[in-house]
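One structure is given below, encoded as structure tokens.
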Amino acid sequence: MRNKVRTKVTKTTRFKTILRSDMSAGNKGKLFVKIYGKALGNIPVYLALIALSVIFIVPFFYMIGHSLMSVNDLLNPNIKWLPRSFNLNNYEYAYKSMNYLFYLGKTLLYVGVAVFGQIMTCSFVAYGLARVNFKGRGIIFGIVLFMMIVPPQTIIVPQYMMFANLGLKNSFVPIILPCFFAMGLNGGLIIFVFRQFFKGMPPELENAAMIDGTGVFGAYFRVIFPNVKPAILITSILSLVWQWNNSFEPSVYIEDTSKGLLTMQLNILQSNVSNVMQGVDFNEGITMAATFLTVLPLIVIFLAIQGRFMKSMAQSGLAN
């Protein structure tokens with residue numbers, strides 16, 4: 001703490017000394033650039049980051065502000081961001097129309113199972129690609145990289161036909177089953193992250209386990225996997241967000257909306273409001289309230305583990 005105070009005092013004193021000196025303006029400018037050039041060079045980076053943060057934050061504040069507006073505020077052209085008085089009726093209408101608690105629990109169960117299957121299988125595949133020497137390893141890893149750039153929309157038709165012929169449509173099986181074979185949503189990226197972690201671990205860990213009589217599976221589950229907690233946390237959060245926001249595949253496989261997820265309720269929100277909340281006119285405020293309730297669990301989870309998540313990102317090198 002004392003060193004930081006001394007540094008600040010030294011920089012401030014140096015700045016005042018240069019200003020009060022008898023040097024010419026040109027020499028002062030050169031000296032300022034020499035001393036503070038690095039800090040001045042970071043200003044464009046900071047400005048760019050601020051601009052990007054505004055792009056992401058403004059829609060979020062727009063959503064919250066409009067979710068608290070009454071119908072009169074929404075129709076008033078003079079009100080742009082904040083309502084004249086906070087109105088929580090939109091949240092009540094959205095909560096009841098979406099049957100929020102039921103679909104929230106259902107979504108949490110689905111996402112939890114999908115994330116568990118994806119982390120366990122993708123990490124095991126990554127371990128084989130990183131630590132086991134076998135013919136064709138490079139080709140398989142190339143296929144994994146190819147999986148990262150192939151959007152699910154391009155292969156959804158043959159997948160749908162395959163699961164429909166097996167009698168598995170209108171259920172979550174076509175969505176969850178690929179997660180247990182390292183083929184879930186963005187599974188290639190999760191394999192890549194785990195592979196990078198495994199390649200950076202010393203081979204002495206598994207060699208010691210082998211000497212103790214543990215096989216490959218035992219060395220992985222008892223020694224290797226417990227030592228990649230940062231990768232587990234990072235990939236779990238990423239997989240959670242991807243699975244939670246995945247409304248494309250559920251809308252394809254699940255025809256009955258009553259069997260759908262929380263995100264799918266946004267597509268039928270207007271009809272739900274008219275059926276459940278009779279006499280209530282559907283408006284933008286209800287839509288914004290329902291959207292906020294949909295992303296609220298993700299916000300709560302991230303705030304709860306924000307410190308550990310950022311620490312894991314720093315340890316992994318992904319934040320650099």
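The values are calculated or read from the model by the stated rules, or taken from the named source; none is laboratory data. For clarity, every value in this text was computed on a predicted model and none was experimentally measured. Don't worry about glycine lacking a Cβ; one is built from the backbone with ideal geometry, like all the others, and counts go over all protein chains shown. Ligands, DNA and RNA are excluded from the accessible area calculation, which covers all protein heavy atoms including side chains. Shrake-Rupley method; radii C 1.70, N 1.55, O 1.52, S 1.80 Å.
Net length available on complete extension from residue 56 to residue 71 is 2.8 nm, with 0.36 nm assigned per residue and the Cα-Cα distance removed.
For segment 125-154 versus segment 60-89, the inter-centroid distance based on Cα atoms is 49 Å.
Return the distance in nm (one decimal) between the two label points of a simple spin-label model at residue 169 and residue 78, each offset 7 Å from Cα along Cα→Cβ. Label-label distance for residue 169 and residue 78, simple model: 5.5 nm.
Is the shape of segment 94-315 best called rounded, prolate or oblate, per the rule: a/c under 1.5 gives rounded, else a/b larger than b/c gives prolate, else oblate, with a ≥ b ≥ c the square roots of the Cα gyration tensor eigenvalues? Prolate shape, in that a/c is at least 1.5 and a/b is the bigger ratio.
Each Cα pair under 8 Å and six or more residues apart adds its separation to the average, and for segment 165-270 the resulting relative contact order is 33 percent. For segment 101-145, chymotrypsin sites (Phe, Trp or Tyr not before Pro) meeting the loop criterion (DSSP other than H, G, I, E, B) and having at most 13 other Cβ atoms within 10 Å: 134.
Measure up 96/259; 169/229; 135/199 against 25 Å on the Cα-Cα distance and list the ones that go over. Beyond 25 Å between Cα atoms: 169/229.
Label-to-label distance, residue 306 versus residue 46, with points set 7 angstrom from Cα along the beta-carbon direction: 2.1 nm.
Measuring nothing but protein heavy atoms, the accessible surface of segment 106-150 at 1.4 Å probe radius is 78 percent carbon and sulfur. Full extension of the chain between residue 132 and residue 147 yields a length gain of 3.3 nm, computed as 0.36 nm times the residue separation minus the alpha carbon distance.
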